[in-house]
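J.: I am attaching a structure below and will ask some questions about it afterwards.
Laboratory data are not the source of any read-out in this text; all were calculated from the coordinates shown. These numbers come from a predicted model, not from an experiment. FYI the Cβ positions are ideal-geometry reconstructions off the backbone, even for glycines, and counts take in every protein chain you see.
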Amino acid sequence: MERGTDTPAPRSALQELARSLAARALALSGVFVLLKVGLVRWYAARGVDALAGVAPHRVPALAGADLLAAAAVFVVALAAVLPLAAWGRRGGQRLAGALGAAPFAAAALVGCVSFKVNQAYGRPLSFGLLALASSGVGALRDSVLASVDALLLAVTAAALLAVLLAPRVLGPALRRLGAVGAGALVLGLGAAGGGAAQLLFRNVYAFGLKTNPLVELARSLPRRPASAHDVLRELEASERRLEGHGGAALDLSSHLAPGHEPGHPELRGKAAGYNLLLVVLESTAARYVDAQTAPTLAGLGAEGLRYEHHFTTAPFTLTAQYSLYYSAYLPFADFDGRTLYGRPPPSASLLESFKAAGYDTALFCSAFFYFADLGWLFEHKGVDTLAGGEQLQRPEHPVHSWGVQESQTVEALSAWLAEHRGGPFFAIYNPITPHHPYHAPLAARRFAGYGVEDNYRNALSYTDQQVAQLLEVLRRLELERRTVVVVVSDHGETVLGPGGAAGHGLDFSDAEFRTPFLVWAPELLRQPQREALFTNHLDVAPTLASLFGLPQPAGWQGRDLLAPQVERRTLYLGLGASNRSGLIDNGYALEHNANDGSLHGYTVTADLFTPLDSLPEALAAQGPAVQDFEARLKLRHLRAALQADGPPQSPSRGEPRAADQL
């Protein structure tokens, strides 16, 4: 019978398709391996031996996960296009061939993006890193695009060409094997390589080189929310884990410089009845708050009370801001606070303290509240007016993927201040600039260049200009003499990191952890004061409550820095994504790298973490405390979640109680 257009495809066409997909799979394996070679060379150029934990004869097995990932893509592509190819029409066969290339091109693209992520975080791209980067895809997209450089574009183009042209290059060789042989080769290499990698590198850390971006994405797929049984199992596991290390108690006292420092008792209660404007900067390292970049902020610090050694608790917005408002640590965990508690935070917040004292309260945030689920910190927690990017955006004003322009937020806050000029009020301005990718309107740029540092300084300068605008509003409304202005940042920022990496959660350094903390009150502070005491975000809420004569809620872990004597403390830090944590203890820092179990020591000055050649005995003795601290924090929050009073509440994520009229 004569073969027509509706007859089944020739067997040779199906075989050719299978060989074509096998060729693309082998090319994809090569792309993944070459990207790993590039990462090893990139680390070596920066003095890091990424393969230090891998025996030389096992190095080739690092390609195992890449072979497995390519084999998985081969199976997916074959299953997807085989029915289409089996359709007798010639157009269907051509479409099957074109569509068959798509999964391999997508996998190569993921590998190239992961190449950049690995340079920043020391591990491949994963859903966990995606969640930490942002809850909004648009925001993440902007940050990724800002990191694109000529090398990444060249590597990506080469990778895509490799998988697209593979059938022409490898096809002749695979024809000798036949379609079944080519497929068996790909699947056999994937199974053998994946199994070998699992066996050989189970307890080895190799900066993400032992795995593969696609494998890591599959392994890190979001899990279902934690149930009560999950929480109980976590609680029991944590208790067993800590039994031999002193239990779940938090020891915050200094081990290297025990004792006390004089505080500022003359300021206790002195601001009672005054207004409070709290500026919580985003991604602002203290080292960049200078007269050239941020003259308004630098001027406030020069005229007020400035804590020169102030540190965040973690270089991530939600965890850092929790410490600011609740005077407690929030751990990095497999569940977020909303999922764990099923209700607003059960602890008392700084905003609730002011609300109970009769203050009108408001928070104006330029970011969308879905970013890091910031809304959870403030919903039903003493905020009268809660306005984020969702409420502040207007059709006539452009927005960006992180939120609204700072000028829009300041305009709305200025109107609120005018309406509440009779006071007393507690207003918070929470800008999103200068978050990566460091955007600033052209008219606000003070620095002419477009390098990473110039962009960052311009973004910070733009925020500084908005703070100046708020101060002008206070003057115009005749509120300046009765308003205390406090400035702090959620965390710092790595602006000029290894390989050009920029962001936060990347590096154990002064740039990531040291933030501004200053109090400006011309009527209360007759002369500038500099404080060398080592402080962190836990101390902000107790100090502000003391300044305004408010009671200290039970459960706050921070210190009242205005007390006659202030205890020297150990300040704990967590990097989260890069699996590192540490402490700062009055001039020294200790970093624990959970990836390989190593400890690293530093001396801490106002501007620099300087590595120590060897660890002082007293500092090295704190190694177990650093390792256990996150577990202790998780245990405390698990217990609080189980013991929280009242029925669980489930406010919608990203839908805070807001002032719709703004």
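J.: Per residue, how big is the convex hull around the C-alpha atoms of the range 531-594? Give it to me in cubic angstrom, could you?
T.: 105 Å³
J.: If the range 253-354 were replaced by its equivalent ellipsoid, with semi-axes equal to the square roots of 5 times the Cα gyration tensor eigenvalues, what would those be, largest first, whole Å?
T.: 27, 19, 18
J.: Sticking with this one: Give the peptides 423-433, 159-169, 312-322 in descending order of average Cβ contacts within 10 Å, highest first.
T.: Per-residue mean Cβ counts within 10 Å order the peptides as 312-322, 423-433, 159-169.
J.: Add +1 for every Lys or Arg and -1 for every Asp or Glu among the other residues with Cβ under 13 Å from the Cβ of Arg475, and state the total.
T.: Counting the neighbours of Arg475, the net charge comes to +1.
J.: Another question, if that's okay. Along each principal axis of its Cα atoms, how long is the range 253-297 end to end? Whole angstroms, biggest number first, please.
T.: Rounded to whole Å, the extents work out to 37, 37, 18 Å.
J.: Then there is this: Using θ = phi - 60° and the Karplus curve 6.51 cos²θ - 1.76 cosθ + 1.60, what whole-Hz ³J(HN,Hα) does each residue of the range 156-172 get, with Gly and Pro shown as x?
T.: 5, 4, 5, 5, 5, 4, 4, 6, 6, 8, 4, x, 6, 7, 9, x, x
J.: Can you give me the distance in nm between label points at Val76 and Thr610, each placed 7 Å from the Cα along the Cα-to-Cβ direction?
T.: My value for the distance between the label points is 5.1 nm.
J.: Quick one: net charge around Ala257, please, counting Lys, Arg +1 and Asp, Glu -1 for every other residue with C-beta under 11 Å from its C-beta.
T.: Here the count lands on -1.
J.: Calculate log10 I(q)/I(0) of the range 464-615 for q = 0.08, 0.15, 0.21 Å⁻¹, where I(q) comes from the Debye formula with a single equal point scatterer on each Cα and nothing for solvent.
T.: Debye output, listed in q order: -0.31, -0.96, -1.39.
J.: Mind checking the dipole of the range 286-381: about its Cα centre, +1 per Lys or Arg Cβ, -1 per Asp or Glu Cβ, Debye to the nearest 20?
T.: With only Lys, Arg, Asp and Glu charged at Cβ, the dipole is about 100 debye.
J.: I've got another one for you. Relative to the compact-globule scaling 2.2 N^0.38 Å, provide the ratio for the alpha-carbon radius of gyration of the range 390-518.
T.: The reported ratio for this selection is 1.17.
J.: Among 302-309, 371-378, what's the highest-first ranking by average C-beta atoms within 10 angstrom per residue?
T.: So the order, starting with the most tightly packed, is 371-378, 302-309.
J.: Cβ neighbours within 10 Å, averaged per peptide: list 21-29, 382-390 in order, most packed at the top.
T.: Those peptides, ordered most packed to least, come out 21-29, 382-390.
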